[in-house]
Every structure is written in C-alpha cells, then in structure tokens.
Amino acid sequence: MKVIITVIGNDKVGIVAAVSQKLAHLNINIIDMSQTLMQGSFTMMLVGDISDQTTSFSAIQEELTKLGTQIDVTIRIQRQELFDAIQKL
Amino acid sequence: METKQIRETLQMIDEEHLDIRTITMGISLFDCIDSNVEKACQRIYQKITTKAHDLVKVAEDIQMEYGVPIVNKRISVTPIAMIAAAVATDNYVAYAKVLDKAATDLGIDIIGGFSALVQKGYQSGDRKLIASIPEALSETNKVCSSVNIGSTRAGINMNAVAQMGTIVKDIAAIDPLKCMNLVIFANAVEDNPFMAGAFHGIGEADCVINMGISGPGVVKRALEQVKGQPFDIVSETIKKTAFKVTRVGQFVGNIAAKRLNIPFGIVDLSLAPTPAAGDSVAEILEEIGLESVGAPGTTAALALLNDAVKKGGIMACEHVGGLSGAFIPVSEDQGMIKAVQAGNLSLEKLEAMTAVCSVGLDMVAVPGDTTAATISGLLADEAAIGMINNKTTAIRVIPATG
C-alpha cells in the first residue's frame, strides 16, 4: 500500500534528516521524494510503501504528528489512491 | 511523483473546504411493519442498529486514512407513514423516539424519514404522521421530517399545502429552531442523502450507501483563475471542478460500501454552503460577475452554475442522484446573509432563483407573526414552480418569534 507523506513548515536545518530517520524507524520504504521551497515555506512530498507494516495506520499517523510537533512542521500521511481518483481518469 | 496534483488536492481539502458532507445509509423498514407499536419499534431499532452498526467507525477510519473530512454520518429510512399505517394508535411519536434512540446509540448525526408522501392523496398513516410531526420533532434531537405535497405527474395536494402551513406554525410555537428539521417538497427524490429532506424511497434496495459531497470553496477558487474570461470558459471550469469533487465522492463511497458490505447507491454533488467563510454559493455567483447576489443576472448565474455542476458531476461517477446542483439555504450562507442585510436580496428574487437551483426556499426566516395561510401560500408557489418545471422544489421556513 502506497502512502503520500507531506511535510510543510518553516525551513530550517534537519527537517529531511528527522523525517527520513523517523520513516526508517517505522520501517517505511521511501519510493520517491521531492522537496522545494514555496514562498519561503519548506514543502516536501514523499511516496512511501507501507505494505510490510505491522504497525497500524493510526499509530504511524500518531508518530508522525508527534514528530511534526517536535520539529515545528506539519506532517501528513494519506493513502495514495485518493490522489489518483481525483486527478486521473 | 505528481507533486502539482498532490498539492492541488491538499489545497482543495485544506483551504477550499472540500469535504464529504455526508455518508448516508438508506435502510428499508418494510420488514419491520407490525400492528403492535412496541413490536414494530423493537424491530426498527434492531434493524437500524444491525445494518448501521459500523457506519460511524468506517467513516472515521476512511477520514483518517485518506485525509478527507467526512462531516456527517446519517441514516435515512422508509417514510414512517407507511411503516406505521398498520397500527391502530393515532400518534406516531413512538416511532420518532425509536429512530432518535437508534441514532443516538450509533453515534449518528441525524436520521431522516419521519415522512409522508401525499402528493396525490392521504392514506390513513399519512394523516396521523403529519399530525404527529410537531410533537415528534420537539421530543427528539436527531430526527428529521419531510412531506411531499406535489409532483409533476400528480399535481399539488392543496389540502396538504393548507395543513403544512399550520404544522410549521405549530412547530414554531414549541421551538422555532425545530422548523429546520422539516422540509416540505414537491417532486421529492428517493435517494437524497442530504438532510433534513432525506428518506429511503420505496423503490430503493433494502440497504444502500449514498454520498453527499460539497465544495463551494473549490469552485470559487477555480473561478478566480478565469476572471474576465468568456462564459463558455467559466462553465467549462465549473464542469472540470465539479468532476474532480465528485470523483472524491465516488471514490470514498466505493470504499465505504465495500467495508460495510452494502451496495453503493449514488453520489449527490450539491454545492451546500456552510456558515464558514469561503464556503458560500453566493460568493461563487459574485465571482461569476454579479455585483451582489439578488442583483439582476442572479438567476442566470445560478442557472449556469447549477447546469455546469450537474454536467461535470454526471461523468465523474457511476450513479449520480439525489438533488445534485447548488443549494441556496439563506441563513447558512455568509454571502446570502450579507446580501439580505444590505437589502439586495428579496424573497421574490429568491423565489425566482429556486426555479433554477437544485432545491427551493431553504432556511428562510420569516417574521414570527406570519400566518399559517401565508406560509401555505409560499409553499403553494414553490410547489407550482416544481410541478410545472419538472424539478424538485421545497420550503424550509423558520417563523422567528421574538
């Protein structure tokens, strides 16, 4: 199952490191990633694979939200199918 | 990775208030009919709580996993006037109470179907149900009621029109806010997921999942990008936006139906405003080019919007149904409220708008001393518009006392 993880917040040192470390810890494989600065705001999107997960979706979400609060960014995780449903025929 | 599309989708949800307005489970109660009130109520409670046992949980799970808000979890049932007709008692409040209890125990927001269909005439249950509406609404928290008093085929039941004026006044005498829980229709649809007018039609399957999706803010934002462009581009933009929004309903409805193991019914894309800023149909009309809602041109702009929303939505889902279009509930729409306060929107203009919107005179407050006959007059006018133009019309008026 693929998920889209989005990280948005003020740019500072260590966001990519903190997020990727947490994902590794949660055993989420990063398939693709993109990172830009949009109007001064740090925006990162990752495609992750959570097929081999033993942790529940809500627990992963909780972990990421907690990390987001710690490093002062918004981290969101959503299943990928939603984006395809809206944007593709 | 399609970062632009991901960003656009997130923006639709975060900033433009795209949401699943309601997931509504329609449940037939025909197999709960009994001539004994207690037995019938017991069966109704049993059936609703069994079928909808997981509805709230499934909706919450989907919201968490996909990040799309599902605002309301609702149930609609077969019009109670039919289900209760077999009992000898004259008062059907017990049925409303059992619906309320089932909804409360399940954690459902609203339950609709304390309803009667009298477009051509009354059966014995219809009369008793309508007489029970004021007490039923005042004794319950989550029950909604509707009465269909006319249709294009049958015409208008003027006795019912007269009676409903009195019923609205009776409800207002108890608590004017309860008037929000009663819709009086012409050409009511059987698969409407939106409240207060939802009931589970008699031609429907035993149990279905219907989705109601909304997003006036998404349409408004899209129109901001095409300011000053010709009307065909405006219309095309609304269609494309309606398509995307409806896809969310189709997608989420499919998942919900599968998880609940219940057939998926329809998606109803209705631009339903809420009091939140940026969630207004009036603002869309003004974005199309009106100086203010209510100004000359309003009916045309609303017609364009309603038409394009319907066309965009049709292609996006397997079964489009319900009311699909644009709602104009006056006191739930910031832009409408502003127009009324500025003296730009009159009741007469609003009535003209109902000839092209998807429902009717919705959430309109009238002075508390408005007579029953005047309310019946308003209702008859709306029903006539619906009957002649082969469209659903309705009134939900609130006589504001004090």
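Between the range A:37-83 and the range B:249-296, the C-alpha centres lie 28 angstrom from each other. Once backbone amide H atoms are built at 1.01 Å from N, residue A:31 has A:47, A:48, A:49 as its partners under 5 Å, excluding neighbours fewer than 5 places away on the same chain.
Label the range B:22-186 by shape, choosing from rounded, prolate and oblate, from the square roots a ≥ b ≥ c of the eigenvalues of the Cα gyration tensor; if a/c is under 1.5 it is rounded, and otherwise prolate applies when a/b is larger than b/c, oblate when it is not. Prolate is the answer for the range B:22-186, as a/c is 1.5 or above and a/b outweighs b/c. The antiparallel fraction among DSSP beta bridges confined to the range B:34-171 stands at about 20%. How many angstrom lie between the Cα centre of the range B:354-397 and the Cα centre of the range B:56-95? A separation of 25 Å, based on Cα centres. By definition, a body whose alpha carbon gyration tensor gives a ≥ b ≥ c is oblate when a/c is 1.5 or more and a/b is not larger than b/c, and the protein assembly as shown fits this oblate description.
Using a Gaussian network for chain B with springs between C-alpha atoms less than 10 Å apart, which of these wobbles most: B:234, B:359, B:77? Comparing B:234, B:359, B:77 in a Gaussian network model of chain B, the most mobile one is B:234.
Let me spell out the model: positive unit charges on the Cβ of Lys and Arg, negative unit charges on the Cβ of Asp and Glu, origin at the Cα centre of the range B:154-253. What dipole size does that give, in debye rounded to 20? Taking the Cα centre of the range B:154-253 as origin, the dipole is about 540 debye. Here the dipole of the protein assembly as shown is about 500 debye; that uses its Cα centre as origin and unit charges on the Cβ of Lys and Arg (positive) and Asp and Glu (negative).
With an a/c value of 1.5 or above and a/b not larger than b/c for the gyration tensor axes a ≥ b ≥ c computed over the alpha-carbon atoms, chain B is described as oblate. For the range B:15-29 and the range B:145-187, what is the separation of their C-alpha centers, rounded to whole Å? Answer, in whole Å: 24. Near the amide H of residue B:110, within less than 5 Å, lie the amide hydrogens of B:73, B:75, all on another chain or at least 5 residues away, with H placed in the peptide plane.
What the phi angles of the range B:207-216 give under the Karplus curve with 6.51, -1.76 and 1.60, with θ = phi - 60°, is a coupling list of 8, 9, 10, 10, 10, x, 10, 9, x, x Hz, glycine and proline written as x.
Using just the helices of chain B, give the 222 nm mean residue ellipticity in deg cm²/dmol: DSSP H runs with n ≥ 4 each add -39,500 (n - 2.57), and the total is spread over all residues, rounded to 500. Estimated from H runs of four or more residues: -15000 deg cm²/dmol.
Amide H contacts of residue B:293 (H built 1.01 Å from N, in plane; Pro and chain starts excluded): no residue 5 or more places away or on another chain comes under 5 Å. Given DSSP loops and a limit of at most 12 other Cβ atoms within 10 Å, what is the longest stretch of chain B that contains no such trypsin sites (Lys or Arg not before Pro)? Longest stretch, sites excluded: B:228-402. For chain A, which trypsin sites (Lys or Arg not before Pro) are both in a DSSP coil and crowded by at most 13 other Cβ atoms within 10 Å? The qualifying sites are A:12, A:88.
The lysines whose alpha-carbon is closer than 27 Å to the alpha-carbon of residue A:88, local same-chain residues fewer than 8 away aside, are A:2, B:4, B:220, B:227, B:239, B:240, B:244, B:258, B:310, B:311.
Among DSSP beta bridges whose residues both lie in the protein assembly as shown, state the antiparallel percentage, nearest 5. Around 50 percent of the beta bridges assigned by DSSP in the protein assembly as shown are antiparallel ones. Derived scalar couplings between HN and Hα for the range A:24-41 equal 4, 4, 7, 6, 9, 7, 8, 8, 8, 8, 8, 9, 9, 10, 10, 6, x, 9 Hz in order, rounded to whole Hz, by the Karplus curve 6.51 cos²θ - 1.76 cosθ + 1.60 (θ = phi - 60°), x for Gly and Pro.
Every read-out reported here was derived from the displayed coordinates using simple, explicitly stated rules and does not represent laboratory data. These figures come from a predicted structure and were not determined experimentally. We place every Cβ from the backbone using ideal geometry, glycine too, and count neighbours over all the protein chains shown.
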